[in-house]
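These notes are about the structure you will find just below.
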Amino acid sequence: MGMPTSRTVSLVTLGCARNEVDSEELAARLENSGWTLVESAEEAGVVMVNTCGFIDAAKKDSIDTLLAAHQSGAKVVAAGCLAERYGAELAEALPEADAVISFDDYSTIGSRLDDVLAGRRQDAHLPRDRRTLLPLTPVSRATARISIPGHGAAELPDGLAPASGPRVLRRRLGGGPVAPLKLASGCDRRCTFCAIPAFRGSYVSRPPADILEEARWLADSGVRELVLVSENSTSYGKDLSDLRALETLLPALAGVDGIDRVRVSYLQPAELRPGLIEVLCTTPGVAPYFDLSFQHASGPVLRRMRRFGDRERFLDLLAQVRALSPDAGVRSNFIVGFPGESMDDLAELTAFLTDARLDAIGVFGYSDEDGTEAATLDGKLDHDEVADRLASVSDLAEELTAQRAEDRIGSLISVLVESVVPGGFEGRAEHQAPEVDGTVTVQGAGPAVGDLVTVRVAGSEGVDLIASLEHAP
(Lines give C-alpha, C1' and ligand atoms only; values in the text may rest on other atoms or scores of the structure.)
Protein backbone atom coordinates (compact mmCIF):
# COMPACT_ATOMS: atom_id res chain seq x y z
CA MET A 1 0.00 0.00 0.00
CA GLY A 2 3.00 2.34 -0.25
CA MET A 3 3.47 4.88 2.53
CA PRO A 4 0.06 6.42 3.17
CA THR A 5 1.43 8.79 5.80
CA SER A 6 4.20 10.28 3.65
CA ARG A 7 4.11 13.76 2.08
CA THR A 8 4.44 12.32 -1.41
CA VAL A 9 2.11 13.33 -4.21
CA SER A 10 1.43 12.04 -7.70
CA LEU A 11 -0.12 14.55 -10.13
CA VAL A 12 -2.36 13.31 -12.96
CA THR A 13 -3.30 15.86 -15.63
CA LEU A 14 -6.32 15.50 -17.91
CA GLY A 15 -7.70 17.83 -20.56
CA CYS A 16 -5.95 20.64 -22.39
CA ALA A 17 -2.52 22.28 -22.42
CA ARG A 18 -3.86 25.02 -20.12
CA ASN A 19 -4.33 22.34 -17.45
CA GLU A 20 -0.78 21.14 -18.10
CA VAL A 21 0.54 24.60 -17.18
CA ASP A 22 -1.68 24.70 -14.07
CA SER A 23 -0.33 21.30 -12.95
CA GLU A 24 3.24 22.51 -13.35
CA GLU A 25 2.44 25.52 -11.16
CA LEU A 26 0.83 23.22 -8.56
CA ALA A 27 3.96 21.03 -8.69
CA ALA A 28 6.18 24.04 -7.93
CA ARG A 29 3.93 25.16 -5.08
CA LEU A 30 3.93 21.64 -3.60
CA GLU A 31 7.72 21.31 -3.75
CA ASN A 32 8.08 24.78 -2.21
CA SER A 33 5.99 23.56 0.73
CA GLY A 34 8.06 20.41 1.24
CA TRP A 35 6.06 17.81 -0.68
CA THR A 36 7.85 15.22 -2.82
CA LEU A 37 6.53 14.57 -6.33
CA VAL A 38 6.41 10.92 -7.37
CA GLU A 39 5.47 9.26 -10.66
CA SER A 40 2.96 6.58 -9.69
CA ALA A 41 -0.09 6.35 -7.45
CA GLU A 42 1.47 3.28 -5.78
CA GLU A 43 4.32 5.39 -4.36
CA ALA A 44 2.11 8.33 -3.39
CA GLY A 45 0.46 9.29 -0.14
CA VAL A 46 -1.85 11.54 -2.15
CA VAL A 47 -2.93 11.41 -5.80
CA MET A 48 -4.15 14.75 -7.13
CA VAL A 49 -6.13 14.62 -10.39
CA ASN A 50 -6.27 17.88 -12.35
CA THR A 51 -9.63 17.20 -13.99
CA CYS A 52 -11.31 18.42 -17.18
CA GLY A 53 -14.92 19.63 -17.03
CA PHE A 54 -15.40 20.54 -20.67
CA ILE A 55 -17.85 18.02 -22.18
CA ASP A 56 -19.46 14.75 -21.08
CA ALA A 57 -16.70 12.48 -22.40
CA ALA A 58 -14.04 14.53 -20.57
CA LYS A 59 -16.06 14.52 -17.34
CA LYS A 60 -16.43 10.72 -17.53
CA ASP A 61 -12.68 10.34 -18.09
CA SER A 62 -12.05 12.54 -15.03
CA ILE A 63 -14.38 10.47 -12.83
CA ASP A 64 -12.83 7.18 -14.04
CA THR A 65 -9.34 8.52 -13.27
CA LEU A 66 -10.39 9.59 -9.75
CA LEU A 67 -11.90 6.14 -9.09
CA ALA A 68 -8.76 4.39 -10.36
CA ALA A 69 -6.61 6.58 -8.08
CA HIS A 70 -8.81 5.59 -5.11
CA GLN A 71 -8.18 1.91 -5.96
CA SER A 72 -4.44 2.46 -5.43
CA GLY A 73 -5.00 3.02 -1.72
CA ALA A 74 -3.71 6.61 -1.80
CA LYS A 75 -5.73 9.61 -0.64
CA VAL A 76 -7.43 11.25 -3.64
CA VAL A 77 -7.86 14.95 -4.37
CA ALA A 78 -9.94 16.32 -7.24
CA ALA A 79 -8.63 19.63 -8.60
CA GLY A 80 -9.08 21.44 -11.90
CA CYS A 81 -12.15 22.31 -13.96
CA LEU A 82 -14.55 19.51 -13.00
CA ALA A 83 -13.81 20.15 -9.32
CA GLU A 84 -14.19 23.92 -9.72
CA ARG A 85 -17.37 23.59 -11.77
CA TYR A 86 -19.27 21.16 -9.49
CA GLY A 87 -17.62 21.51 -6.06
CA ALA A 88 -19.84 20.10 -3.30
CA GLU A 89 -22.05 18.31 -5.85
CA LEU A 90 -19.02 16.33 -7.09
CA ALA A 91 -17.92 15.63 -3.49
CA GLU A 92 -21.35 14.18 -2.68
CA ALA A 93 -21.53 12.08 -5.86
CA LEU A 94 -17.97 10.82 -5.44
CA PRO A 95 -17.27 9.87 -1.81
CA GLU A 96 -14.10 8.11 -3.06
CA ALA A 97 -12.46 11.56 -3.37
CA ASP A 98 -10.96 12.64 -0.04
CA ALA A 99 -11.16 16.28 -1.09
CA VAL A 100 -12.62 18.39 -3.91
CA ILE A 101 -10.77 21.68 -4.15
CA SER A 102 -11.30 25.02 -5.87
CA PHE A 103 -8.89 27.20 -7.84
CA ASP A 104 -8.92 29.37 -4.68
CA ASP A 105 -7.10 26.56 -2.84
CA TYR A 106 -4.15 26.46 -5.26
CA SER A 107 -2.07 29.13 -3.51
CA THR A 108 -2.14 27.13 -0.24
CA ILE A 109 -2.09 23.69 -1.88
CA GLY A 110 0.64 22.29 0.41
CA SER A 111 -1.42 22.81 3.56
CA ARG A 112 -4.61 21.60 1.83
CA LEU A 113 -2.87 18.29 1.09
CA ASP A 114 -1.54 18.16 4.68
CA ASP A 115 -5.19 18.27 5.81
CA VAL A 116 -6.05 15.42 3.45
CA LEU A 117 -3.12 13.29 4.64
CA ALA A 118 -4.09 13.87 8.27
CA GLY A 119 -7.70 12.90 7.53
CA ARG A 120 -9.06 16.37 8.31
CA ARG A 121 -12.09 16.55 6.01
CA GLN A 122 -13.10 19.95 4.71
CA ASP A 123 -16.35 20.84 3.02
CA ALA A 124 -16.05 21.30 -0.73
CA HIS A 125 -16.82 24.76 -2.10
CA LEU A 126 -20.22 25.70 -3.47
CA PRO A 127 -19.73 26.45 -7.18
CA ARG A 128 -20.23 30.05 -8.25
CA ASP A 129 -19.87 31.98 -11.46
CA ARG A 130 -16.22 33.06 -11.36
CA ARG A 131 -16.98 35.97 -13.69
CA THR A 132 -18.56 37.69 -10.67
CA LEU A 133 -15.17 37.82 -8.90
CA LEU A 134 -13.73 40.44 -11.26
CA PRO A 135 -14.78 43.92 -12.39
CA LEU A 136 -16.83 44.03 -15.61
CA THR A 137 -14.43 46.54 -17.14
CA PRO A 138 -11.34 44.63 -18.34
CA VAL A 139 -8.85 47.41 -17.49
CA SER A 140 -10.02 47.43 -13.84
CA ARG A 141 -9.00 43.77 -13.41
CA ALA A 142 -5.23 44.19 -13.11
CA THR A 143 -5.38 45.13 -9.42
CA ALA A 144 -7.96 42.52 -8.35
CA ARG A 145 -6.61 39.90 -5.94
CA ILE A 146 -8.01 36.62 -7.20
CA SER A 147 -6.58 33.15 -7.54
CA ILE A 148 -5.95 32.39 -11.22
CA PRO A 149 -4.33 29.03 -12.00
CA GLY A 150 -1.14 29.22 -14.03
CA HIS A 151 -0.58 32.92 -13.39
CA GLY A 152 2.16 32.50 -10.83
CA ALA A 153 2.69 34.15 -7.51
CA ALA A 154 -0.71 35.25 -6.25
CA GLU A 155 0.57 35.06 -2.67
CA LEU A 156 2.75 38.19 -2.83
CA PRO A 157 1.46 41.03 -0.66
CA ASP A 158 -0.33 43.91 -2.44
CA GLY A 159 0.38 42.44 -5.84
CA LEU A 160 4.00 43.58 -5.74
CA ALA A 161 6.51 41.54 -7.69
CA PRO A 162 9.85 40.81 -6.00
CA ALA A 163 12.55 43.40 -6.63
CA SER A 164 14.50 40.93 -8.76
CA GLY A 165 11.61 40.89 -11.25
CA PRO A 166 9.03 38.16 -11.73
CA ARG A 167 9.96 34.70 -10.54
CA VAL A 168 8.75 31.60 -12.28
CA LEU A 169 6.40 29.45 -10.24
CA ARG A 170 6.52 26.30 -12.33
CA ARG A 171 8.15 22.89 -12.35
CA ARG A 172 8.25 20.98 -15.63
CA LEU A 173 6.61 17.58 -15.30
CA GLY A 174 7.54 16.36 -18.78
CA GLY A 175 10.67 16.82 -20.83
CA GLY A 176 11.00 17.47 -24.53
CA PRO A 177 11.63 20.54 -26.67
CA VAL A 178 8.03 21.85 -26.63
CA ALA A 179 6.11 23.47 -23.78
CA PRO A 180 2.83 25.33 -23.34
CA LEU A 181 3.06 28.87 -21.98
CA LYS A 182 -0.03 30.52 -20.55
CA LEU A 183 -0.95 33.93 -22.02
CA ALA A 184 -4.21 34.54 -20.19
CA SER A 185 -7.10 32.85 -18.42
CA GLY A 186 -10.85 33.11 -18.69
CA CYS A 187 -13.11 34.40 -21.44
CA ASP A 188 -15.47 37.35 -21.91
CA ARG A 189 -17.30 35.83 -24.86
CA ARG A 190 -20.80 34.46 -24.33
CA CYS A 191 -21.09 31.54 -26.75
CA THR A 192 -24.37 29.79 -25.98
CA PHE A 193 -22.88 26.27 -26.01
CA CYS A 194 -19.92 26.92 -23.72
CA ALA A 195 -19.76 26.67 -19.92
CA ILE A 196 -16.06 27.51 -19.60
CA PRO A 197 -16.34 31.26 -18.74
CA ALA A 198 -18.56 30.45 -15.72
CA PHE A 199 -15.91 28.26 -14.07
CA ARG A 200 -12.72 29.79 -15.52
CA GLY A 201 -13.90 33.37 -14.98
CA SER A 202 -13.48 36.63 -16.88
CA TYR A 203 -10.55 37.33 -19.16
CA VAL A 204 -7.26 38.15 -17.44
CA SER A 205 -3.99 38.63 -19.38
CA ARG A 206 -0.67 37.77 -17.75
CA PRO A 207 1.76 40.71 -17.74
CA PRO A 208 4.24 40.54 -20.67
CA ALA A 209 7.21 40.62 -18.25
CA ASP A 210 5.97 37.44 -16.51
CA ILE A 211 5.48 35.66 -19.83
CA LEU A 212 8.94 36.63 -21.10
CA GLU A 213 10.57 35.56 -17.84
CA GLU A 214 8.87 32.19 -18.04
CA ALA A 215 9.89 31.85 -21.71
CA ARG A 216 13.55 32.43 -20.75
CA TRP A 217 13.21 29.88 -17.95
CA LEU A 218 11.70 27.32 -20.35
CA ALA A 219 14.47 27.97 -22.91
CA ASP A 220 17.06 27.31 -20.17
CA SER A 221 15.39 23.94 -19.53
CA GLY A 222 15.78 22.89 -23.19
CA VAL A 223 12.50 24.10 -24.66
CA ARG A 224 12.71 25.18 -28.32
CA GLU A 225 9.04 25.71 -29.16
CA LEU A 226 6.61 27.72 -27.05
CA VAL A 227 2.90 27.06 -27.53
CA LEU A 228 0.95 30.05 -26.23
CA VAL A 229 -2.32 28.92 -24.64
CA SER A 230 -5.40 30.65 -23.23
CA GLU A 231 -9.17 30.45 -23.69
CA ASN A 232 -8.90 33.20 -26.32
CA SER A 233 -5.47 34.47 -27.40
CA THR A 234 -6.82 37.22 -29.68
CA SER A 235 -8.13 39.09 -26.59
CA TYR A 236 -4.63 39.30 -25.07
CA GLY A 237 -3.90 42.75 -23.67
CA LYS A 238 -7.41 44.16 -23.65
CA ASP A 239 -7.30 44.33 -19.85
CA LEU A 240 -3.77 45.83 -20.01
CA SER A 241 -5.08 48.82 -22.02
CA ASP A 242 -3.25 47.50 -25.09
CA LEU A 243 -5.20 45.61 -27.74
CA ARG A 244 -2.00 45.20 -29.76
CA ALA A 245 -0.06 43.64 -26.89
CA LEU A 246 0.22 40.27 -28.64
CA GLU A 247 1.69 41.93 -31.74
CA THR A 248 4.50 43.30 -29.56
CA LEU A 249 4.91 40.21 -27.39
CA LEU A 250 5.33 37.68 -30.25
CA PRO A 251 8.54 39.15 -31.73
CA ALA A 252 9.93 39.53 -28.18
CA LEU A 253 9.24 35.84 -27.44
CA ALA A 254 10.72 34.76 -30.78
CA GLY A 255 13.83 36.76 -29.81
CA VAL A 256 14.36 34.85 -26.55
CA ASP A 257 17.72 33.07 -26.68
CA GLY A 258 17.21 29.36 -27.43
CA ILE A 259 13.61 29.66 -28.64
CA ASP A 260 13.29 28.64 -32.30
CA ARG A 261 9.54 28.67 -32.75
CA VAL A 262 6.56 30.39 -31.13
CA ARG A 263 3.05 29.09 -31.83
CA VAL A 264 -0.23 30.71 -30.83
CA SER A 265 -3.34 28.63 -30.17
CA TYR A 266 -7.01 29.52 -29.64
CA LEU A 267 -7.64 32.49 -31.93
CA GLN A 268 -11.14 33.96 -32.29
CA PRO A 269 -12.05 34.73 -35.94
CA ALA A 270 -14.12 37.74 -34.85
CA GLU A 271 -11.10 39.33 -33.16
CA LEU A 272 -8.36 38.53 -35.68
CA ARG A 273 -7.03 41.97 -36.69
CA PRO A 274 -4.98 42.66 -39.84
CA GLY A 275 -2.00 43.73 -37.71
CA LEU A 276 -2.00 40.43 -35.83
CA ILE A 277 -2.37 38.42 -39.06
CA GLU A 278 0.70 40.25 -40.38
CA VAL A 279 2.78 39.52 -37.27
CA LEU A 280 1.79 35.84 -37.32
CA CYS A 281 2.59 35.50 -41.03
CA THR A 282 5.79 37.51 -41.31
CA THR A 283 7.71 37.40 -38.01
CA PRO A 284 10.80 35.15 -38.14
CA GLY A 285 10.48 32.48 -35.45
CA VAL A 286 6.70 32.82 -35.18
CA ALA A 287 4.84 29.94 -36.82
CA PRO A 288 2.31 31.05 -39.46
CA TYR A 289 -0.26 28.90 -37.71
CA PHE A 290 -3.92 29.81 -37.28
CA ASP A 291 -5.91 27.82 -34.75
CA LEU A 292 -9.27 29.47 -35.53
CA SER A 293 -12.38 28.34 -33.71
CA PHE A 294 -14.96 28.78 -36.49
CA GLN A 295 -17.49 26.36 -34.85
CA HIS A 296 -19.79 26.52 -37.92
CA ALA A 297 -20.08 28.36 -41.25
CA SER A 298 -23.81 29.06 -41.48
CA GLY A 299 -24.69 32.63 -40.43
CA PRO A 300 -28.00 31.69 -38.73
CA VAL A 301 -26.40 28.88 -36.69
CA LEU A 302 -23.49 31.13 -35.69
CA ARG A 303 -25.96 33.81 -34.49
CA ARG A 304 -27.73 31.20 -32.33
CA MET A 305 -24.30 30.34 -30.95
CA ARG A 306 -23.81 34.11 -30.27
CA ARG A 307 -20.88 34.10 -32.65
CA PHE A 308 -19.78 36.16 -35.60
CA GLY A 309 -19.31 35.36 -39.27
CA ASP A 310 -20.47 33.12 -42.08
CA ARG A 311 -18.96 31.15 -44.94
CA GLU A 312 -18.01 34.20 -47.09
CA ARG A 313 -16.47 36.12 -44.19
CA PHE A 314 -14.45 33.11 -43.06
CA LEU A 315 -13.17 32.37 -46.57
CA ASP A 316 -12.20 36.05 -46.86
CA LEU A 317 -10.27 35.81 -43.58
CA LEU A 318 -8.39 32.74 -44.87
CA ALA A 319 -7.63 34.59 -48.12
CA GLN A 320 -6.06 37.45 -46.09
CA VAL A 321 -3.88 34.94 -44.23
CA ARG A 322 -2.78 33.13 -47.39
CA ALA A 323 -2.04 36.34 -49.26
CA LEU A 324 0.75 36.91 -46.69
CA SER A 325 1.71 33.26 -46.09
CA PRO A 326 0.47 30.84 -48.79
CA ASP A 327 1.52 27.75 -46.79
CA ALA A 328 0.16 28.93 -43.41
CA GLY A 329 -1.27 26.15 -41.26
CA VAL A 330 -4.95 26.43 -40.33
CA ARG A 331 -6.90 24.20 -37.96
CA SER A 332 -10.43 24.60 -36.65
CA ASN A 333 -13.22 22.96 -34.67
CA PHE A 334 -16.87 22.65 -35.63
CA ILE A 335 -20.10 21.65 -33.86
CA VAL A 336 -22.74 19.77 -35.86
CA GLY A 337 -26.34 19.19 -34.83
CA PHE A 338 -26.67 22.49 -32.94
CA PRO A 339 -30.33 23.21 -32.00
CA GLY A 340 -32.17 24.43 -35.10
CA GLU A 341 -29.46 23.36 -37.57
CA SER A 342 -31.27 22.76 -40.90
CA MET A 343 -30.03 20.75 -43.89
CA ASP A 344 -29.27 24.11 -45.57
CA ASP A 345 -27.12 25.10 -42.60
CA LEU A 346 -25.29 21.78 -42.82
CA ALA A 347 -24.76 22.31 -46.57
CA GLU A 348 -23.21 25.73 -45.82
CA LEU A 349 -20.80 24.06 -43.42
CA THR A 350 -19.74 21.33 -45.87
CA ALA A 351 -19.36 23.91 -48.67
CA PHE A 352 -17.08 25.94 -46.40
CA LEU A 353 -15.00 22.93 -45.43
CA THR A 354 -14.58 21.96 -49.08
CA ASP A 355 -13.31 25.45 -50.00
CA ALA A 356 -11.30 26.26 -46.88
CA ARG A 357 -8.34 23.86 -47.34
CA LEU A 358 -7.84 23.37 -43.59
CA ASP A 359 -4.91 21.30 -42.30
CA ALA A 360 -6.73 19.92 -39.29
CA ILE A 361 -10.44 19.75 -38.46
CA GLY A 362 -12.08 18.72 -35.20
CA VAL A 363 -15.79 17.86 -35.44
CA PHE A 364 -18.05 17.48 -32.40
CA GLY A 365 -21.68 16.46 -32.13
CA TYR A 366 -23.76 18.93 -30.13
CA SER A 367 -24.85 17.90 -26.63
CA ASP A 368 -26.44 20.01 -23.89
CA GLU A 369 -24.06 21.37 -21.27
CA ASP A 370 -25.22 22.24 -17.72
CA GLY A 371 -25.97 25.90 -17.25
CA THR A 372 -25.55 26.98 -20.89
CA GLU A 373 -28.04 29.01 -22.90
CA ALA A 374 -28.00 26.45 -25.74
CA ALA A 375 -29.44 23.83 -23.37
CA THR A 376 -32.62 25.96 -23.20
CA LEU A 377 -32.97 26.53 -26.97
CA ASP A 378 -35.73 24.86 -28.98
CA GLY A 379 -35.16 22.97 -32.23
CA LYS A 380 -33.16 20.16 -30.57
CA LEU A 381 -32.22 17.36 -32.96
CA ASP A 382 -32.56 13.80 -31.80
CA HIS A 383 -29.45 11.91 -30.76
CA ASP A 384 -29.35 9.63 -33.82
CA GLU A 385 -29.65 12.55 -36.23
CA VAL A 386 -26.76 14.36 -34.50
CA ALA A 387 -24.70 11.14 -34.68
CA ASP A 388 -25.44 10.77 -38.42
CA ARG A 389 -24.40 14.36 -39.15
CA LEU A 390 -21.29 13.95 -37.02
CA ALA A 391 -20.29 10.80 -38.93
CA SER A 392 -20.77 12.33 -42.38
CA VAL A 393 -18.99 15.62 -41.60
CA SER A 394 -16.15 13.72 -39.87
CA ASP A 395 -15.67 11.54 -42.96
CA LEU A 396 -15.57 14.62 -45.17
CA ALA A 397 -13.10 16.31 -42.80
CA GLU A 398 -10.80 13.29 -42.88
CA GLU A 399 -10.85 13.24 -46.68
CA LEU A 400 -10.22 16.99 -46.98
CA THR A 401 -7.35 17.12 -44.47
CA ALA A 402 -5.68 14.12 -46.13
CA GLN A 403 -5.95 15.99 -49.46
CA ARG A 404 -4.45 19.12 -47.88
CA ALA A 405 -1.49 17.09 -46.57
CA GLU A 406 -1.02 15.58 -50.04
CA ASP A 407 -0.91 19.11 -51.50
CA ARG A 408 2.23 19.71 -49.43
CA ILE A 409 4.19 16.93 -51.21
CA GLY A 410 7.28 18.39 -52.87
CA SER A 411 7.43 21.44 -50.59
CA LEU A 412 10.22 22.33 -48.17
CA ILE A 413 9.17 22.46 -44.54
CA SER A 414 10.92 23.27 -41.27
CA VAL A 415 10.64 20.44 -38.72
CA LEU A 416 11.38 20.54 -34.99
CA VAL A 417 12.85 17.14 -34.04
CA GLU A 418 10.94 15.58 -31.13
CA SER A 419 12.19 12.01 -31.20
CA VAL A 420 14.91 10.03 -32.94
CA VAL A 421 13.86 6.65 -34.36
CA PRO A 422 15.91 3.99 -36.21
CA GLY A 423 16.94 5.39 -39.60
CA GLY A 424 15.39 8.77 -39.03
CA PHE A 425 13.44 11.03 -36.72
CA GLU A 426 9.99 12.41 -36.00
CA GLY A 427 8.82 15.93 -35.39
CA ARG A 428 6.38 18.62 -36.41
CA ALA A 429 6.26 21.25 -39.12
CA GLU A 430 5.08 24.82 -38.59
CA HIS A 431 1.53 23.87 -39.59
CA GLN A 432 1.33 21.12 -36.95
CA ALA A 433 0.64 21.82 -33.29
CA PRO A 434 1.50 19.21 -30.64
CA GLU A 435 -1.09 16.54 -29.72
CA VAL A 436 -3.89 17.80 -31.99
CA ASP A 437 -2.40 17.85 -35.52
CA GLY A 438 -0.31 15.49 -37.65
CA THR A 439 3.43 14.74 -37.47
CA VAL A 440 6.35 14.40 -39.88
CA THR A 441 8.49 11.27 -40.14
CA VAL A 442 11.88 11.86 -41.79
CA GLN A 443 14.34 9.33 -43.20
CA GLY A 444 17.95 10.31 -42.61
CA ALA A 445 20.26 10.38 -39.60
CA GLY A 446 22.13 13.23 -37.94
CA PRO A 447 19.71 15.61 -36.22
CA ALA A 448 19.15 15.45 -32.47
CA VAL A 449 16.01 16.14 -30.41
CA GLY A 450 15.43 19.89 -30.33
CA ASP A 451 17.06 20.59 -33.71
CA LEU A 452 15.17 22.54 -36.33
CA VAL A 453 15.79 21.02 -39.76
CA THR A 454 14.64 21.70 -43.30
CA VAL A 455 13.15 18.68 -45.05
CA ARG A 456 11.36 17.98 -48.31
CA VAL A 457 7.91 16.37 -48.16
CA ALA A 458 7.92 13.09 -50.10
CA GLY A 459 4.56 11.59 -49.17
CA SER A 460 1.59 11.67 -46.82
CA GLU A 461 -0.58 9.32 -44.79
CA GLY A 462 -3.77 11.02 -43.70
CA VAL A 463 -2.62 14.27 -42.04
CA ASP A 464 0.88 12.88 -41.37
CA LEU A 465 3.77 13.66 -43.70
CA ILE A 466 6.77 11.60 -44.76
CA ALA A 467 9.86 13.60 -45.72
CA SER A 468 13.54 13.31 -46.57
CA LEU A 469 16.39 15.32 -45.10
CA GLU A 470 17.36 18.28 -47.25
CA HIS A 471 20.36 19.37 -45.21
CA ALA A 472 21.49 18.61 -41.68
CA PRO A 473 22.00 21.53 -39.27
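The values are calculated or read from the model by the stated rules, or taken from the named source; none is laboratory data. Keep in mind that what you see is a predicted model, and the values were worked out from it rather than measured. Ideal geometry is used to build each Cβ from the backbone, glycine not excepted, and the neighbour counts take in all protein chains shown. Calculation scope for accessible area: heavy atoms of the full protein, side chains included, ligands and nucleic acids excluded. Shrake-Rupley method; radii C 1.70, N 1.55, O 1.52, S 1.80 Å.
Please list, by residue number, every one of the trypsin sites (Lys or Arg not before Pro) in segment 282-353 that is coil in DSSP and has at most 16 other beta-carbon atoms within 10 Å. Passing both the DSSP loop test and the Cβ count: Arg306.
May I have the count of lysine pairs in the chain with C-alpha atoms under 27 Å apart, counting pairs 8 or more residues apart or located on different chains? The partial results should precede the final answer.
Values: Lys59/Lys75; Lys59/Lys182; Lys59/Lys380; Lys60/Lys75; Lys60/Lys182; Lys60/Lys380; Lys182/Lys238.
Close lysine pairs under the 27 Å cut-off: 7.
Along the charge dipole of the chain, which of Leu390, Ser23, Gly53 sits closest to the positive end, that is, farthest toward it, with unit charges on the beta carbon of Lys, Arg, Asp and Glu (+1, +1, -1, -1)? The residue sitting farthest along the positive end of the dipole is Ser23.
What size of dipole, in debye to the nearest 20, comes out for segment 372-473 about its Cα centre when the only charges are +1 on Lys and Arg C-beta atoms and -1 on Asp and Glu C-beta atoms? Each step should come with its number before you reach the end.
Working: 6 positive and 20 negative charges, 123 e Å.
Here segment 372-473 has a charge dipole of around 600 debye.
Note on Thr454/Ser241: beta-carbon distance plugged into 1/(1 + (r/R0)^6) with R0 of 45 Å gives a FRET efficiency of 0.65.
Computed log10 I(q)/I(0) for segment 270-361 at 0.12, 0.15, 0.21, 0.26 Å⁻¹: -0.37, -0.56, -1.00, -1.38, from the Debye equation with unit scatterers placed on every C-alpha and solvent omitted.
Using DSSP to call loops (not H, G, I, E or B), can you name the chymotrypsin sites (Phe, Trp or Tyr not before Pro) in segment 245-328 whose Cβ has at most 16 other Cβ atoms within 10 angstrom? Could you put the intermediate results ahead of the total?
Working: sites: Tyr266, Tyr289, Phe290, Phe294, Phe308, Phe314; in loops: Tyr266, Phe294, Phe308.
The qualifying sites are Phe308.
Note on the chain: helix-only mean residue ellipticity at 222 nm, from DSSP H runs of 4+ residues weighted -39500 (n - 2.57) and normalised by residue number, equals -9500 deg cm²/dmol. Averaged per residue, the chain has 41 square angstrom of accessible surface, using a 1.4 angstrom probe with ligands and nucleic acids left out.
Overall, the chain carries a charge dipole of about 1360 debye about its Cα centre when +1 sits on the Cβ of Lys and Arg and -1 on the Cβ of Asp and Glu, all other atoms neutral.
With the charge dipole of the chain set up from +1 on Lys and Arg Cβ and -1 on Asp and Glu Cβ about the Cα centre, the Cα lying farthest toward the positive end among the listed residues Tyr266, Ser185, Leu377 is that of Ser185. Summary: within the chain, the longest segment free of GluC sites (Glu not before Pro) located in DSSP loops with at most 14 other C-beta atoms within 10 Å is 156-434. When the Cα positions of Ala319, Ala351, Ile361 are compared along the charge dipole of segment 281-438, Ala319 comes out farthest toward the positive end, with charges on each C-beta of Lys, Arg, Asp and Glu. Sites listed here are trypsin sites (Lys or Arg not before Pro) in segment 168-199 whose DSSP assignment is loop and whose Cβ has at most 13 other Cβ atoms within 10 Å: Arg190.
Take the Cα of Leu67, step 7 Å toward its Cβ, do the same at Arg306, and the gap between the two points is 3.4 nm. Computed from backbone phi with θ = phi - 60° and the Karplus coefficients 6.51, -1.76 and 1.60, the 3J(HN,Hα) list for segment 71-82 is 4, 6, x, 7, 6, 10, 10, 9, 10, x, 5, 5 Hz; x is used for glycine and proline.
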